[in-house]
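Notes follow once the structure below has been shown.
The values are calculated or read from the model by the stated rules, or taken from the named source; none is laboratory data. Given the structure is predicted, the values throughout are model-derived calculations rather than measurements. Neighbour counts are summed over all protein chains in view; Cβ atoms, including those assigned to glycine, are modelled from backbone coordinates with ideal geometry. These area figures cover heavy atoms from the full protein model, side chains too; ligands, DNA and RNA do not enter into them. Shrake-Rupley method; radii C 1.70, N 1.55, O 1.52, S 1.80 Å.
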Amino acid sequence: MVDRDASTPTATGKPTPSSPGALRRAVVVAGHKGDAATARSHLDDGDPAVRSAALGALQRAADLSTDDLHTAALDPEPTVRARVAELAAMLGEGSSDQAAHRDALEEVLLTLVRDHNDTVVEVAAFALGELGTGTEGGTDGAEDLPTAPRSVAALTEVATGHRDALCREA
């Protein structure tokens, strides 16, 4: 049986899609295999689904940087920017040196929470709340609340004044 969704490697090592979605799947698989070079080579792909997959693959391969997120936060496609917000929260949560990355991640999310696309704002607001303070300990959950003044101000602005109800609730 022939896999109609398979991709074929080229001389450059980049997979060539033989069907829609094959390249995206190849990039996802690269992340699962820890192949950050393949994932990184598709951050500027013409397909936003591939760019989003490349970001996720880099995160899976433990090679996603805050610089990658800053760059992708300026992507013209809202689905890519929403993926950036998701990954920023995940990167902050899973980092062994969370305090060192928190400010950079917060900066990315503060940019996205002011996005013109409501879906991006919703995901960014949720992610900004999930980013928390970067502290550990305690049992009441209070240490996980965002306490950075800019985060609190941005979330308050969205919660009280955004035109979209889902954004206000995020």
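Would a scan of region 41-54 turn up a residue that is modelled with pLDDT of 95 or more, part of a helix (DSSP H, G or I) and touching a Gly at 6+ places or on another chain (Cβ under 7 Å)? So far as region 41-54 goes, no, none of its residues is modelled with pLDDT of 95 or more, part of a helix (DSSP H, G or I) and touching a Gly at 6+ places or on another chain (Cβ under 7 Å). The listed residues are Glu106, Glu86, Glu130, Glu93, and the only one of them that is at pLDDT 90 or above and open to solvent by 60 Å² or more (accessible area, probe 1.4 Å) turns out to be Glu86. Scan region 36-74 residue by residue and report those that are under 12 Å from the mean Cα position of the chain (by Cα), surrounded by 17 or more Cβ atoms within 10 Å (Cβ to Cβ) and of a type in the set (S, T, N, Q). Listed by number, the residues that qualify are Ser52, Gln59, Thr66.
Among residues that are open to solvent by 60 Å² or more (accessible area, probe 1.4 Å) and at pLDDT 95 or above, Ala11 is not included.
Would you confirm, using the coordinates I've provided, whether Val80 is modelled with pLDDT of 95 or more, within 20 Å of Asp103 (Cα to Cα) and in contact with a helix residue (DSSP H, G or I) (Cβ under 9 Å, 6 or more places away or on another chain)? So Val80 does not fit the description; no. Scanning for something outside any helix (DSSP H, G or I), modelled with pLDDT under 95 and surrounded by 14 or more Cβ atoms within 10 Å (Cβ to Cβ), does region 20-35 turn up at least one residue? Yes: one or more hits.
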